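*Asks:* Handing you this structure, nothing more for now.
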Amino acid sequence: MLSWVSKILRMKFLSLLGLLSVALVAGVLVSPSLTPSQAQQPAPSNPAATSPAATPTPGRVAGSAASPFGTQTPQGGLNIVVLDPAHGGTDPGARGTGGIRESEIVLDFAVQVRRALELQGFQVVQTRQGNENPSFDDRSATANAQRGAVFVTLHISSTGLPGTARVYVNSDLPPVANAGGLIPWDRAQAPFLGLSKAFGDLVQGFLAQRFKGSPDTAQSASVRQLRTTAAPAIAVEVSSVTVEDRADLDRMAPGVADAIARGTAAFKPSYVVPSTPGALP
Ligand SMILES: [Zn+2]
């Protein structure tokens, strides 16, 4: 359930105030309810914005042709899928009246999504394996540490017609300014928005074939997990936790897994790491 994102972040914001950089705080405060023009207000200028403590240097993850990892250059194309079962730990996500917890269902979905992706030849890296709750930055950092990766976060909604599934990509972000050759952490997704939309449309197309009543194309929303991710990134949201019997959701898992795997395979030929100010010399 994506609306949890901003709520939880505001709670976390209070306890983390003073620990996080201005960039992160500015990112946290962008609410999904903001209009695009409001959401595009530039973050306060602050040198700290380009290098939050305890996070990888954003510029290193934003698409250098000179890979520090040797053979896994962008020319090698898409090889890795970072799979993010949302929520977890103290955050159960959306909860249905029947006791269904989003955080548990997405973990079960992830098992099947992983298997389908591996059958397509992709390497899968999960942001969590069990009931832990990595921070949003931890999850993005997992993705940003990979080369030739896409990012997929899995959610179960509390809304929407049961039996349907939607793909979201991040809404437009402020243009990336050249901040000393680095991309601000809270706008890491900006150079990848076009690729994310292409990737999201492909996955949504396969979901629409399988789950009648689903949209034909990906939609835009302010999704916290996506904004700090320097890779093509989508959120897949399945409806819904309101079903009486969780078997209704379990039955959707193979189709969701298949759509994500097919969409990723279809996207692979068009995967090109964009040239950005974050590229290393
Ligand atoms: Zn969720």
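The values are calculated or read from the model by the stated rules, or taken from the named source; none is laboratory data. As the structure is a computational prediction, the values presented were derived from the model and not from experiment. Reconstructed Cβ throughout: ideal geometry from the backbone, glycine too, with neighbour counts over all protein chains shown.
Matching residues to (1) aliphatic (A, V, I, L, M); (2) more than 13 Å from Gly163 (Cα to Cα); (3) surrounded by fewer than 24 Cβ atoms within 10 Å (Cβ to Cβ):
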position: Phe192; (1), (2), (3): no, yes, no
position: Ala208; (1), (2), (3): yes, no, yes
position: Asp216; (1), (2), (3): no, yes, yes
position: Ser222; (1), (2), (3): no, yes, yes
position: Ala230; (1), (2), (3): yes, yes, no
position: Ser240; (1), (2), (3): no, no, yes
position: Arg251; (1), (2), (3): no, no, yes
position: Arg262; (1), (2), (3): no, yes, yes
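*Asks:* Asn144 passes all but one of (1) under 19 Å from Gly77 (Cα atoms); (2) modelled with pLDDT of 95 or more; (3) within 14 Å of the chain's Cα centre (by Cα); (4) not acidic (Asp, Glu); which number fails?
*Replies:* Here Asn144 clears every test but (2).
*Asks:* Okay, moving on. Within the set of pairs 6+ apart or on separate chains, which have a first residue in region 219-231 that is without any contact (Cβ under 8 Å) to a residue 12 or more places away in the chain, a second that is part of a loop (DSSP other than H, G, I, E, B), and C-beta atoms under 9 Å apart?
*Replies:* Listed pairs, sorted by first residue: none to list.
*Asks:* Something else: From the set of residues in region 83-109 that are within 13 Å of the ligand (Cβ to nearest atom) and in a helix (DSSP H, G or I), which is surrounded by the most Cβ atoms within 10 Å (Cβ to Cβ)?
*Replies:* Across region 83-109, the extreme among qualifying residues is Glu102.
*Asks:* For region 195-221, which residues satisfy the criterion of being at negative phi and not in a helix (DSSP H, G or I)?
*Replies:* Phe211, Lys212, Ser214, Pro215, Asp216, Thr217, Ala218, Gln219, Ser220, Ala221
*Asks:* Same structure, new question: Please work out which residue is nearest to the ligand (Cβ to nearest atom), limiting yourself to region 137-172 and to residues that are in a helix (DSSP H, G or I) and surrounded by 23 or more Cβ atoms within 10 Å (Cβ to Cβ).
*Replies:* Arg139
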